[in-house]
Amino acid sequence: MRSSSAKRRAETAVKAVEASFDAAVLGAGLAGSSLAGALAGKGWRTLLLDRQTFPRHKVCGEFLSPEAQSTLQALGLYETVAALKPCLIPQTRMVFDGGAELGLELPGTAWGLSRYELDGALHRAAGQAGAVLETGTAVTAIYPGADGYIIEAKRSGKPVRYRARTVIAAWGANAGPGLPGFRPQPRGRRAYLGVKSHFRGLEIEPAVEMYFFRGGYLGLCPVGDGTVNAAALLEQGAFAKGSRSVTAYLEEAAGRNPKLALRLAGAVPVEGTQAAVAPVRLAVRPRTWDTVPLLGDAAAMIAPLCGGGMSMALRSSALCAPLADRYLQGDIDIAGWEREYAHAVRSEFDGPLRLGGMLQGLLGMPAAAGLAKAAAMLAPGLAQGLVRATRLKPFRT
Ligand SMILES: Cc1cc2nc3c(=O)[nH]c(=O)nc-3n(C[C@H](O)[C@H](O)[C@H](O)COP(=O)(O)OP(=O)(O)OC[C@H]3O[C@@H](n4cnc5c(N)ncnc54)[C@H](O)[C@@H]3O)c2cc1C
């Protein structure tokens, strides 16, 4: 039951609504843009909102795991992304802080490509399909209105409002308090910081290199044009506090793994590509609905060391798009959509999320981490199996 003040607010908002849509997708990362493109492609009037302006550099390892390609096919985006000429990555190399190394074949060929390019390509595809993209527009509230929802947002400090029959939240893991999908940092849970920078002057094999050290790990991934992306997940309590540059964090991380220090010695950070995000909230169970459907990191963020977050974001979109379409056509009701989406996501994501959480936890405990490294060195077949088990299965229609 809505309070009378909420009702009054909704009625006032309706009078000031800027535009009406069938679907409003909140957040124009990979999950949001791919869903907006899919719905617009079905002929629905689709709005895609993001608080940031684009293109932008984003904290991400920029390693698109092999199974993402089948999801891109299902979303009709394979050619769009392949046209960016991603680096082909068939293997991973892990370098532990004691210097031990382990090379593993990936279960397929992954792609290395910059989020600056990738997100832009998905925006263009969504626009070509007919979606309306509004950037620099931060959503501040959603509430039920006549025949759907009212969305309140701010653009250049000014309030704007939209009406949509349905709303889908794809705004990453850090939805603000009061917004669907908001997750407070659980007490006692480790808090993480993510940082990234592109580098030049770094020779790299077609492989993703993972360096582990006390308090975190860092991945190096070739992203084309002689550029290598470095992204690190750092435990906040294990690194010096205070306002520091991304480069300073990367230097401190390199100081904890001699082989990483050697690797980055001659590398030059590319100006303007640095980004940081905190807190990074990892999930071991997906949450698919909170008043509205949740997609991508808003539903669940897997430990970055699995390199599967982008793949899951795209997969959640591919799972949600046909249900949203059926809902808009009147073929299913909202309860059916919620049930079917939750079932589809849980059956695909539960296993990788659980395993990702376990691996992330192991790395945080020095004794267990030592054992895990030893086991991986002694039984590369087991490690290979683990890498495979953190992956989604190829997309099936
Ligand atoms: C250190 C690190 C390394 C990683 N490395 C990898 C990797 O190598 N491979 C991989 O697959 N994954 C990796 N990930 C995870 C990956 O980046 C995410 O899983 C992926 O970006 C999720 O996509 P998304 O579309 O759900 O969210 P995002 O890409 O985060 O997009 C969400 C969008 O919502 C917008 N938004 C937020 N709030 C609002 C609001 N109120 N109003 C309007 N817009 C809003 C944001 O501006 C943002 O553009 C890594 C993550 C970290 C932290």
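Quick notes on this structure:
- For the stretch 123-139, backbone phi angles converted through the Karplus equation (6.51, -1.76, 1.60; θ = phi - 60°) give residue-by-residue couplings of 5, 5, 5, 5, x, 5, 6, x, 6, 9, 9, 10, 9, x, 10, 8, 6 Hz, Gly and Pro being listed as x.
- q = 0.11, 0.18, 0.25 Å⁻¹, the stretch 207-307: log10 I(q)/I(0) [Debye, one scatterer per Cα]: -0.41, -0.95, -1.46
- Beta-bridge orientation, the chain: approximately 75 percent antiparallel, per DSSP, counting only bridges with both partners inside.
- As a proxy for reagent exposure, 195, 223, 246, 277 were ordered by neighbouring Cβ count within 10 angstrom, fewest first; the result is 277, 246, 223, 195.
- For the stretch 238-371, the fraction of alpha-carbon pairs lying more than 21 Å apart is 58 percent, rounded to a whole number.
- Global form of the stretch 60-179, assessed from the alpha-carbon gyration tensor, a/c cut-off 1.5: prolate
- Dimensions of the chain based on its C-alpha atoms, expressed as ranges along the principal axes with the largest first, amount to 64, 46, 40 Å.
- Footprinting exposure proxy for 252, 79, 235 (fewest neighbouring C-beta atoms within 10 Å first): 79, 235, 252
- Degrees separating the helix 366-378 axis from the principal Cα axis of the chain, which is the longest one: 70 degrees
- Each of 65, 20, 347, 317 has some number of other Cβ atoms within 10 Å of its Cβ, and from fewest to most they run 347, 20, 65, 317.
- 5 angstrom amide H check on residue 19, placed H, neighbours 5+ away: 163
- Value of relative contact order over the stretch 266-346, rounded to a whole percent, pairs C-alpha under 8 Å and six or more apart: 26 percent
- Considering only the stretch 48-181, percent of DSSP beta bridges that pair antiparallel, nearest 5: 95 percent
- Once backbone amide H atoms are built at 1.01 Å from N, residue 47 has 23, 24, 25, 132 as its partners under 5 Å, excluding neighbours fewer than 5 places away on the same chain.
- Hz values of 3J(HN,Hα) by residue in the stretch 279-284 - Karplus curve (6.51, -1.76, 1.60), Gly and Pro given as x: x, 9, 9, 8, 10, 10
- FRET efficiency estimate (nearest 0.05) - Cβ-Cβ, residue 241 to residue 347, R0 51 angstrom: 0.80
- The stretch 322-342 versus the stretch 85-140: alpha-carbon centroid distance in Å: 29 Å
- An ellipsoid equivalent to the stretch 118-247, defined through the eigenvalues of its Cα gyration tensor, has semi-axes of 36, 23, 13 Å when rounded to whole angstrom and sorted largest first.
- Low-density loop positions, trypsin sites (Lys or Arg not before Pro), the stretch 219-288 - DSSP coil, at most 12 other Cβ in 10 Å: 241
- Contact order, relative form, for the stretch 100-198: 13 percent (alpha carbon pairs under 8 Å, 6 or more residues apart, mean separation divided by residue count).
- As a length-normalised measure over Cα pairs under 8 Å and 6 or more apart, the relative contact order of the chain settles at 21 percent.
Read the figures in this text as sums done on the coordinates, not as results from a lab. Everything numeric here is computed off the predicted structure, so don't read it as measured data. Neighbour counts are summed over all protein chains in view; Cβ atoms, including those assigned to glycine, are modelled from backbone coordinates with ideal geometry.
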